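Novice: Got a structure for you, questions after.
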Amino acid sequence: MGNLLKKRLCGLDNEILSIVREVAREAEGCRCRAYLVGGFVRDLVLKRKNLDLDFVFEGNAIRVAEKFSAAHDAVLTVHKRFKTATVVLPCGLRADFATARKESYPYPGSLPVVEDGPIRDDLYRRDFTINAMAVAINRKNFGELVDYFSGYRDLTSKKIRVMHDKSFIDDPTRILRAVRFEQRFNFEIEGHTLRLLKEALESNVEGNVKPPRYFVEFKKLLQEPKPIKGVNRLAGLRGLAFIDRNFKVGKPVFDILQKAEININSFQRRFKQRQSDSWLVYWMVLIAALPSSRIPSLLQSFHFKREDVKKILLSKNSAGIIRDLSLKGITPSRIYETLKPLSYENMILLSSITSQKIVRRHIKDFLLQYESVKIEISGSDLKEMGMASGRSMGSVLGKILKAKLDGKVRSVREESCLAKKLAALTKG
Ligand code: CTP
């Protein structure tokens, strides 16, 4: 095993490997034992790329981080209270440095109280055995797997297993993490862990965590490449009650989620330059059935960003927008006016919920043609024609754009003619 992981470490990208070796060198200078831990080790065994470097030291992590960042021109952020530090290298890579610690939870769902401890304690406080392994990186034991809790066995037998029976009570966000890892790796939550998870949900332990913290973990589930399986699994476990007490998702919602997945993928493939958050589309699908009056307080309780709230509130009018877009003989400028205020997430959602081909077609036309249409004439041209800047100038420019979208003006000269006519009207 030692050899296997040593080989895997040596097979990492040169950039990563040299960071690992340098961190180990600084740790040795500080007389510390140094380890890579958590998801990085899990993914090293699974041969999955992971750029989240999590280092743990038996000794003062902050001193090691200070020395390392000084030698590498990196940006250092220190969290003295937690004895941790984050280092961002000039290349953009990020590494977390933590002093090995023992944790206790004063009450269920609280943030943990920490004190220094050996690596074994640091690994014991973690969520699942597969995330509770370390790899030693000091020169004398470089690549040695530290696996007190049979994480390697569980990883190879594809099992998600908690470290102890109070795990979900201590930290209910682990309910969502269990489902996320199970679905991501195609593993199975092993029997005893599944019983504990169900018991935790039955006693509503998630209510012990502040809603924004719980939602962060749910958002990660929605950010997985294939999140529907996870949502389905969670729904089967009645794990969606944190959204609303009687929250249920039935087949029609799953059908729309499937369509959303297809549309998200094709949007992201086709429009690489346009930014869209896939998790937000899934979220909008999920909460579509909730009454509009419930949405603002729900989003507020999860601390949604204002721009996301705006998109979600717009999505509540999807049926009206679909109705507008399906009007016979709708002009390109009307399509433009209808879709322009919407986000890409809203458009993907519309394409996923409508059964009308023509609506999907209009959205596609907007994205491929209308959205990028620009008029040649500008405000300063209008000024030269004697117009004062202000609202009426904006309205004239809008009308010219509308005419261009509808093919009524096709050249700068035609735009200019129309501008003169409109300018004269505003003066008159
Ligand atoms: N961890 C934990 N309990 C949590 C969150 C994290 O025990 N509620 C521990 C796990 O050991 C985990 C590590 O902290 O491996 C890092 O957490 P995070 O970055 O959230 O998870 P990863 O396992 O790295 O997962 P991902 O691949 O999704 O980033």
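Novice: Using R₀ = 51 Å, calculate the FRET efficiency as 1/(1 + (r/R₀)^6) where r is the Cβ-Cβ separation of residue 73 and residue 424; round to 0.05. Intermediate values should be presented prior to the final figure.
Specialist: Numbers: r = 63 Å, r/R0 = 1.23.
With R0 = 51 Å, the Cβ-Cβ based efficiency is 0.20.
Novice: Rounded to the nearest 10 degrees, what's the angle between the helix 391-405 long axis and the longest principal axis of the chain, both from Cα atoms, 0 to 90?
Specialist: 90
Novice: Hey, how many Å between the Cα centroid of the range 311-334 and the Cα centroid of the range 101-179?
Specialist: First find each Cα centre; the distance between them is then 50 Å.
Novice: Could you pull out which residues in the range 232-246 have an amide N less than 18 Å from a spot 7 Å beyond the Cα of residue 290, following the Cα-Cβ vector?
Specialist: So the set is 232, 234-236, 238-246.
Novice: Nearest-5 percent of antiparallel DSSP beta bridges in the range 2-157? Could you put the intermediate results ahead of the total?
Specialist: Working: 23 of 28 bridges.
If I count the DSSP bridges inside the range 2-157, around 80 percent turn out antiparallel.
Novice: Considering Cα pairs under 8 angstrom that are at least six residues apart, work out the relative contact order of the chain and quote it in whole percent.
Specialist: Relative contact order here is 9 percent.
Novice: Once the other residues with Cβ under 12 Å from the Cβ of residue 303 are scored (Lys, Arg +1; Asp, Glu -1), what is the net sum? Please list the in-between numbers first.
Specialist: Details: positive: 210, 213, 219, 305, 306; negative: 308.
Cβ neighbours under 12 Å give a net charge of +4.
Novice: Roughly how many nanometres apart are two label points built 7 Å out from the Cα toward the Cβ at residue 326 and residue 384?
Specialist: The two pseudo-label positions are separated by 4.8 nm.
Novice: While we're here: Have a look at 122, 73, 365 and tell me which one the Gaussian network model of the chain (Cα, springs below 10 Å) gives the largest fluctuation.
Specialist: 73
Novice: Related question: Answer with one residue from 156, 84, 37: the one whose Cα lies farthest towards the positive end of the charge dipole of the range 2-157, charges on Cβ with Lys, Arg +1 and Asp, Glu -1.
Specialist: Value computed over the given set: 156.
Novice: Just the accessible area per residue of the chain, please: how many Å² with a 1.4 Å probe? Working shown, then result.
Specialist: Details: 22280 Å² over 428 residues.
Accessible area per residue, the chain: 52 Å².
Novice: Something else about it: Helix 173-185 versus the longest principal axis of the chain: what is the Cα-based angle in degrees, 0 to 90, to the nearest 10?
Specialist: On a 0 to 90 degree scale, this one is about 80.
Novice: Keeping the other protein chains in place, figure out the carbon and sulfur percent of the accessible area of the chain, with a 1.4 Å probe. Mind showing how you got there, number by number?
Specialist: Values: 11090 of 22280 Å².
That fraction is 50 percent.
Novice: Still on this structure, please answer the following. Given a Förster distance of 35 angstrom, what is the FRET efficiency for residue 21 paired with residue 188, based on the Cβ-Cβ distance and rounded to 0.05?
Specialist: So, using R0 = 35 Å, E works out to roughly 0.45.
Novice: While we're looking at this one, here's another question. Would you please put 105-115, 133-143 in order of how densely packed they are, using the mean number of other Cβ atoms within 10 angstrom per residue and starting with the highest? Walk me through the numbers before you get to the answer.
Specialist: Details: 105-115: 13.3, 133-143: 18.9.
For the peptides 105-115, 133-143, the packing ranking is 133-143, 105-115.
Novice: Please compute the length gained on full extension between residue 3 and residue 365, using 0.36 nm multiplied by the number of residues separating them and subtracting their Cα-Cα distance. Could you put the intermediate results ahead of the total?
Specialist: On the way: separation 362, 0.36 × 362 = 130.32 nm, distance 5.67 nm.
Residue separation times 0.36 nm, minus the Cα-Cα distance, leaves 124.6 nm.
Novice: Follow-up question, since we're still on this one. Mind pulling the per residue volume of the convex hull built on the Cα atoms of the range 103-222? Å³ is fine. Walk me through the numbers before you get to the answer.
Specialist: Working: hull volume 14.0 nm³, N = 120.
It comes to 117 Å³ per residue, whole-number rounded.
Novice: Output the Cα-based Rg and Dmax of the range 201-352 in Å, rounding Rg to one decimal and Dmax to a whole number.
Specialist: Expressed in Å, the Cα Rg and Dmax of the range 201-352 come to 16.2, 56.
Novice: Taking the alpha-carbon distance from residue 198 and a cut-off under 20 Å, which aspartates and glutamates remain once sequence neighbours fewer than 8 residues away in the same chain are dropped?
Specialist: Cross-link targets: 127, 165, 170, 171, 182, 188, 190, 206, 217, 244.
Novice: Aspartates and glutamates within cross-link reach of residue 399: Cα-Cα under 16 Å, excluding same-chain residues under 8 positions apart?
Specialist: Residue 399 reaches 337, 371, 376, 381, 414, 415.
Novice: Amide H of residue 38: which non-local residues (sequence gap of 5 or more, or other chain) have their own amide H closer than 5 Å, using H built in the peptide plane?
Specialist: The answer is 133.
Novice: Relative contact order, percent, of the range 159-242 when contacts are C-alpha pairs under 8 Å separated by at least 6 residues? If you can, show how the numbers build up before the last one.
Specialist: On the way: 76 pairs, mean separation 29.8, N = 84.
Reported as a whole number, the value is 35 percent.
Novice: Using only the Cα atoms of the range 379-427, what do you get for the radius of gyration and for Dmax, in Å?
Specialist: Every Cα atom of the range 379-427 included, Rg and Dmax give 10.0, 27 Å.
Novice: Running a GNM on the chain with Cα contacts under 10 Å, which residue among 239, 394, 39 ends up with the highest mean-square fluctuation?
Specialist: Among 239, 394, 39, the largest mean-square fluctuation in the Gaussian network model of the chain belongs to 394.
Novice: Report the FRET efficiency, 1/(1 + (r/R0)^6), for residue 203 and residue 164, where r is their Cβ-Cβ distance and R0 is 25 Å, rounded to 0.05. Can you show the working numbers first?
Specialist: Values: r = 17 Å, r/R0 = 0.69.
With a Förster radius of 25 Å, E is 0.90.
Novice: What accessible area, in Å² to the nearest ten, does a 1.4 Å probe give for residue 30?
Specialist: The accessible area of residue 30 comes to roughly 20 Å².
Novice: For the range 1-66 and the range 251-303, compute the distance between their C-alpha centroids and round to whole Å.
Specialist: The distance from the Cα centre of the range 1-66 to that of the range 251-303 comes to 37 Å.
Novice: Extent of the chain along each principal axis, from alpha carbon coordinates, in Å, largest to smallest?
Specialist: Between the extreme Cα coordinates on each principal axis of the chain lie 85, 52, 37 Å.
Novice: Further question on the same structure: With an 8 Å cut-off on Cα pairs and a minimum separation of 6 or more residues, tell me the relative contact order of the range 237-365 in percent.
Specialist: Over the range 237-365, the number comes to 32 percent.
The values are calculated or read from the model by the stated rules, or taken from the named source; none is laboratory data. If you're wondering where the values come from, they're calculated on a predicted model, not measured in any experiment. Neighbour counts run over all protein chains shown; Cβ positions are idealised from the backbone, glycine included. Accessible surface areas use protein heavy atoms only, side chains included; no ligands, DNA or RNA. Shrake-Rupley method; radii C 1.70, N 1.55, O 1.52, S 1.80 Å.
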